[in-house]
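We did not get these values from a lab; they are worked out from the coordinates using the rules stated. Bear in mind that the values here come from a model prediction, so they are computed numbers and not experimental data. Neighbour counts are summed over all protein chains in view; Cβ atoms, including those assigned to glycine, are modelled from backbone coordinates with ideal geometry.
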Amino acid sequence: MSFSGRNDAAASNMKPIQVKLVLLGESAVGKSSIVLRFVNNEYQDNKEPTIGAAFLTQRCKLDDRIIKFEIWDTAGQERFHSLAPMYYRNAQAAVIVYDITKPASLEKAKTWVKELQRQANPNIVIALVGNKIDLANNRAVPYEEAEAYANENELLFFEASAKTGTNIIEVFTELAKKIPYEQILANNKNLNSRPGQNENGRVNLVDQDNNNQENGQCNC
Amino acid sequence: MYGVRNVNVFKLKPDNKISELSAFSFVPKCNINSNKNITTNIIGKFQYLKEITHPNLCQYINITKNRKDRLFVVSEYFENSLESHLKECKKITNISRIRKLTFQILSALMFINSHGIINRNLSLKNILLDFNNNVKLDNWGFYDFTNKGKDVQFPIGNPEFYAPEIIKHHKCNLKADTWALGIILIYIYIGHLPFNVDSNLFLEELFEAILSIKKVNNENDSHLTGKKQFCGDLLSFFEDELKEENEDIKIFKDFVLTCLEPDSKKRPTPSDLLCHEFVKELNENSNEGDEVLSPIFKKDFLFSEMVKDIIDNENENSIEKSISNITRYKNIIADEDFNDLELEKLQPRVIFYLWKLAGGDLEYEFIKQELISLPSIYRVKNASQVYYTLNDNQVVNAVDINNSFQQVSDPENLYQEKKILLSIDYLISQFNEYKKFNKKQDYLIDMLNSNNNNYFISKNGISQEKEMTFNEFMKNNNNDVIDFWNSSESIKNNEYISKYDEINKVIDNNDKQSNKEGEIKANVELSYNSSVLDKDIVFQYGRIKLFDRLLNQFPSSWNEFIQEAKIHISPYLRGKIWAAILGVTGDSKVIYNSLCEKCDLIYNDSNINNSNLELERQLEADIPRCHQYNDLLSSDIGHNKLKRVIKCWNIAESGNLVYWQGLDSVCAPFVALNFNEEEIAFSCLLKFIKNYMYGLFKIDNSYYIRSYLIAMSHIISYHDPELGSYLKKINLTPDIYAIPWFMTMFTHVFPLDKIYMIWDKILIGKPSLPLFIGSAIVIQLRSEILNGDFDESVLLLTELSAINIDKCLEKAQLLLRMSPKSIVPDFLNIIDSTKISNDNLDDIVITEDLDTLHSDELAPRIKIEDFKKMYNKSLILDVRNESLLTQSEDNGYIVISPSGSFLQGHIKNSISIPYYENDILPTSLINYIKILNKDYQYVVVVGEEERAIKLAEQLITECIQRVSYLNENNINKETFESWEEPDIWCCKKPESEKFYIDDNSDDAKSLDIARNLSPISPRSFNSDHPFENTQTFIIYKCQ
């Protein structure tokens, strides 16, 4: 899997496949840091909390496809929970993050798994990520425990570190491999994946840019 | 005798009593393995010391760090010290002089002890003497703010004055100061250190000497013993006592003996010593009580003189008042009183602030002076060895000390004992330079006068507006443009502006006489933004002085105060000014303290309930991420303060409002500004959230946050239709990027310096100002957004570091003035009116109905009250007409068969818009509307909801500015009955207008209007059609 800047991707003739990905998990487990590492290969100590949600994109090449991750990074605090469905609705992938030094954060991750299984797109590919393995000295969640849970629920499972970069790209690569692209391509024609709007017939900007004819419907 | 000599030795400077400022520098321990930031912790700890003032203490003023974590500490300074004094007079033997010194040292020590601080740094060097030979202890907080010396890699204090327990156990309490005082007193009495030690083996022998001292207590005699070879002078000091006849000297020596108790458990504390016979009398005579805490704003005068009331008599009528105000402000500007630097009246910290404004740079001062203080190197180096040996619990051993000598990296780089003086002359000369430069202009005027901004964005040649500044707008607002927010308050504002106009004229005249035009222009250019004003020393000096007066007369100075705050808030006093604006009162300390007690009970309870536990956990996660680039907020003390203030807020709100992530950021500016006065930070937070962030922290805040987001998109499409419709087209709604803007009042998206600028305006602005600030941010990015796609625009709107805040704020205020009130959510207008009428916010009831927000509509809905203000400047488009529209197949003429409600009655001057299929008007008709609109400021669509909304949306998509829908489904005569204009509802027969228009042109000249008094039959003008590619319309228009 390789990552390329926007221009490279645009230069190649391939049409990127958009994958809507949502990050969920308790406060301060490192959701935004994981995205920052994945998108910009950066790390920032004391990254400020996310309020509401943040949107970022990253393109990557997998085999002969160009995949464009549209990443929705959500707020961790329980109060923002009511916003979450807006972001995971129509998502094709989810990264549920916990902190390996905080057992409570795994419990929260489990409730997210349940919620997604119940309410999200049935084909959603979920990865469970135990973040902060750079703090392995303070580990409080055994690898085996989380792995067993992930297997049981058919989730991808990783332990990673946004700080050191360990396993971050792997999370997204493995997710990208498991996504059913044919369905997305079929769905993209009818559905739009951005939150905050009513469901029917919205304009999908990127698709419109690339092939206006296919996505001509505009109700404004 | 001594007194006479004294005068010669000390230059009394009664005419020049400006205390000097000095700085020293040190490097804290580096912390590789720990998450804790030692440097910021020192800065955090230091803040408290700034508040401790006592006549015998040098005031601490400031601490800053450079990029390499080197710290610079600024404090009050006096040139003379006991050390320099002894150099001149050899020794002090006058007992009453010693008594006075002793007493003053003890009072200072007792005072800091009562604040929980141990000096442990008493030495001849650190006992300074002021102009009247009073003691001023220096460096008294060094040991304290370096966490008892643990945060630095060098020893604090002079080993000569170390108490035995420091050497033996590396432990000490406040009694170590007692010991040091004892040694110092012998030193000044005999004129040298009472230990006879070889300078080559100085420390080893010194410590051996100190440790050898023992006290023998017999029934009627107690005396010291020690190694004669080292302590000879010390012992003989006491032995001489026996021969001494003088009672005073006996008492003095007894006092010293009491101090030099090797067993720290038996040694008295400084406050115990104040009861000793030696100083008892002085102590009893001193009437100094503890400082009494006065009401919040009276606490400290920045200027030492009390000023007379400068507020004008309330009874004066308004014209007289405004005239007197003009004179007054003229005076303030021209008044020597306000522009002359009176340093002797200023507190040292204000002097330091001005020194920095004048361009003073601490680090540069140190570099300039190549500061390596040679004399202290050897002592510090050696002592640090001993210190570390002790630290590691090793036995003091001279060999070890010498062996480990190599390991320490140049301690002289870690600590500059020598202090540098900050030159006040430099400040004065800079001040006068600036003054010359500034004479020609008036900042206050420029604040309101400024700007090259183009407020009306011109697009595609349509509705070209002339540029208008906020000031022009304010002046014009009774003529061309409507100020929807005009209230008693803004009338005052007008007065104010006229005031400045007056001053402007005066200054203009002066300018004409004396200045080259180019110079003025350059000056005006410079003064546009507040960040330049913030750095202008003369302006800031005047503002500090003015606000100091106003705050000290608070609350009677309220009106004056608010007006001044609207012009410019001085950064130096921002914390206090904000608190005053928010209405924080003097009882906040009592309230806060009781909340803190509750807070301790709740959070220390093992049965802590779930919601509190959740808050505790959330704060644990959030606070270490809250504005951590700020030195104060990233210190441990800062973290604790943030947590405590938020917990107390949570208790005070008792469940009505709850902690949402982001509230920590809202709290941050208040804590940073009132770091030493948590209670003020708390009260500010409480009031700010109540009054400026209504509803946003309710458990279910969806109605409020959505109101903000939707209103913002309405504002954008109202004023910048091209941008608004583009954003809608790419589905970039505010909920994608603007939730943190409003949930945190921008504190989450901007750093503190920018937040200060924004909040300066929010605090004195309308409750809906934040909405317009948000809109102004988006509009500032318009060209980038219009040229970008969804992804790029989201990034632009989440990374706002390039936003010009000054421009944005000015734009926001203009947008607000030009927007009908009903464009903002109802609840904000309700809050505004309760503010004006001084009603209680708790009593208002808001209907939280999400359906009333109309998120999918592009055009705002306005209320009839706003329409009343704007109707005669509005192009009113009436869509109630059920008239049928026919299109002639052969020639493309469009003909409207007149019928419907419009003929029966309509709003004066309105135009009937016919029904088109799908409610989409043809371009020709749109162009016609654009041409007509040139004579108007606003477009209002009236009539049946669904059609009207569609038309309004189409007009916005066509880039027509300020389009709204009158939110009244059935307008009729009754709607306007209460209006004073009787003929607003017009029942006379409308005239029909026939016009031809070229599709490709919006030039009015191609418009040919034929007027007929009665409806015409379509066929009657078939042959009149003069142009090709044009369409002919007949529109009914009320003339």
Calculated P(r) of the range A:12-82 - Cα pairs past 19 Å, %:
39 percent
Can you give me the convex hull volume of the Cα atoms of the range B:588-692, divided per residue and expressed in Å³?
93 Å³
Apply the Karplus curve 6.51 cos²θ - 1.76 cosθ + 1.60, θ = phi - 60°, to the phi angles in the range B:217-227 and return the couplings in whole Hz, x for Gly and Pro.
10, 9, 4, 10, 8, 10, 8, 9, 10, x, 5
Cleavage-rule hits, trypsin sites (Lys or Arg not before Pro), the range B:203-271, DSSP coil, Cβ neighbours within 10 Å at most 12:
B:Lys265, B:Lys266
What list of ³J(HN,Hα) couplings, whole Hz, do you get for the range A:156-170 from phi and the Karplus terms 6.51, -1.76, 1.60, once you set θ to phi - 60° and write x for glycine and proline?
5, 9, 9, 10, 9, 9, 5, 5, 8, x, 4, 6, 5, 4, 4
Note, ³J(HN,Hα) from phi for the range B:204-213, Karplus 6.51, -1.76, 1.60, rounded to Hz, x at Gly and Pro
4, 5, 4, 5, 4, 4, 4, 5, 7, 6
In the range B:681-768, which trypsin sites (Lys or Arg not before Pro) fall in coil by DSSP and have 15 or fewer other Cβ atoms within 10 Å?
none
What percentages make up the Cα-Cα pair-distance distribution of the range B:20-293 when the bins are 10 Å wide from 0?
6, 28, 35, 22, 7, 1, 0
Residues whose built amide H sits under 5 Å from the amide H of A:Gln18, excluding neighbours closer than 5 in sequence, are A:Lys68
Using modelled amide H (1.01 Å from N, peptide plane; none on Pro or chain starts), what sits under 5 Å from the amide H of B:Lys136, excluding residues fewer than 5 places away?
B:Leu128, B:Leu129, B:Asp130
Amide H partners (placed H, <5 Å) of A:Lys61, local residues excluded
A:Ser2, A:Phe3, A:Ser4, A:Ile67
Would you mind listing how long the range B:539-641 runs along its three principal axes, going by Cα atoms, in whole Å with the largest first?
53, 32, 19
Percent of Cα pairs exceeding the 19 Å cut-off, where the set is the range B:702-852:
52 percent
Expressed in nm to one decimal, what extension gain is obtained for the pair B:Ser199 and B:Asp600 from 0.36 nm per residue of sequence separation less their Cα-Cα distance?
138.9 nm
As a Kirkwood estimate from alpha-carbon pairs, the range A:12-184 has a hydrodynamic radius in angstrom of 16.0 Å
Could you work out, residue by residue across B:735-746, how many beta carbons of other chains sit within 10 Å of that residue's beta carbon, and then give the average as an integer?
4
Hey, any idea what the orientation-averaged projected area of the convex hull of the range B:750-821's Cα atoms comes to, in nm²?
5.1 nm²
Loop only by DSSP, 10 or fewer other Cβ within 10 Å of the Cβ. Give me the trypsin sites (Lys or Arg not before Pro) in the range B:55-95 that pass, ordered by residue number.
B:Arg67, B:Lys68
Where does the Debye-calculated log10 I(q)/I(0) of the range B:903-958 sit at q = 0.13, 0.15, 0.19, 0.23 Å⁻¹, using only Cα point scatterers of equal weight, no solvent?
-0.32, -0.44, -0.72, -1.07
What does the range B:925-985 give for Rg and for Dmax, in Å, if only its C-alpha atoms count?
13.1, 35
